[in-house]
Amino acid sequence: MKTCEYAGTPFSEPRSHPWIDSSLDVAARYHDFSRSPELIHSVLEDFTPFQRYAAIQDFYSLLERINHPRSALESSDCAFSGPQPNQSRQMRATLECSGRLMILHRALEQNTLEPRMAWLTLALHRELGQLDPKFASGIIGTTLVPIRYLALERDAQLGQQLMLSFWAFGDTEAALMLSLSRLFKNLSRALRSVSAHLATSAADNID
């Protein structure tokens, strides 16, 4: 499927992990799904209005897999904007939806090593590029964003997370959500493969 490097929204200061609240939504809170996966289906305010669609259930399943105890990765944040008029000139579709998912190495110190984060980004592009080549109604963009890891020593906290931005397209809401479902299934497969590689490879041998 289609991927790209995405400039994303610039960050004037590194975000914190774990984050406490959001300047865009004072009600937003960080939830550690690796410790409390049962919250996935109830606390994601952007997604719950669309839970009747299989695509959202696919996203919940993706979160459950990436935050599973055996996963080498985990998530820290996500967002979703539901169906709206298509703003992309590159896609011939009436509607679009979009969102983001932030992922990181569960071994926090790995997120402070630029080669490890570069490998994670490239590996995900490679996995997605091999999947579903006929799928043209969705795209995933990658952005490395600065993060301060509060659980690490003060002089070793600055690192990164991989922001996955996604867009899906369709001429009707039903078609749009089918595209989104396909996108999430592809992303889930790619993340599972990357996580499996990380879990079975010594960090010093990643290249």
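The values are calculated or read from the model by the stated rules, or taken from the named source; none is laboratory data. All values derive from a computational prediction rather than experimental measurement. When we count neighbours, we look across all protein chains shown, and the Cβ atoms used for this are built from the backbone with ideal geometry, even at glycine.
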Query raised in the report: Does region 169-185 contain any residue that is modelled with pLDDT of 95 or more, out of contact with any helix residue (DSSP H, G or I) (no Cβ under 6 Å at 6 or more places or on another chain) and within 18 Å of Arg106 (Cα to Cα)?
Result: no
Report summary line: For region 86-104, pairs from a residue that is closer than 22 Å to Val145 by Cα to a residue that is of a type in the set (D, E, K, R) and surrounded by 14 or more Cβ atoms within 10 Å (Cβ to Cβ), with Cβ under 8 Å and 6 or more apart or across chains, are Gly99/Asp46; Arg100/Asp77; Leu101/Asp77; Met102/Asp77; Ile103/Glu74; Leu104/Glu74
Query raised in the report: Does Glu74 satisfy being under 20 Å from Leu187 (Cα atoms) and either aliphatic (A, V, I, L, M) or at pLDDT 90 or above (or both)?
Result: yes
Query - Every pair of residues 6+ apart whose Cβ atoms lie under 8 Å, when the first sits in region 7-22 and is at positive phi while the second is modelled with pLDDT of 75 or more and in a strand (DSSP E or B) - result: Gly8/Gly141; Gly8/Thr143; Gly8/Val145; Gly8/Met163; Gly8/Ser165
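Residues Ser165, Ser188, Ser181, Ser193: which one is in a helix (DSSP H, G or I) and under 14 Å from the mean Cα position of the chain (by Cα)?
Numbers: Ser165 fails: in a helix (DSSP H, G or I); Ser181 fails: under 14 Å from the mean Cα position of the chain (by Cα); Ser193 fails: under 14 Å from the mean Cα position of the chain (by Cα).
Step by step, each of Ser165, Ser188, Ser181, Ser193 is checked, and only Ser188 is in a helix (DSSP H, G or I) and under 14 Å from the mean Cα position of the chain (by Cα).
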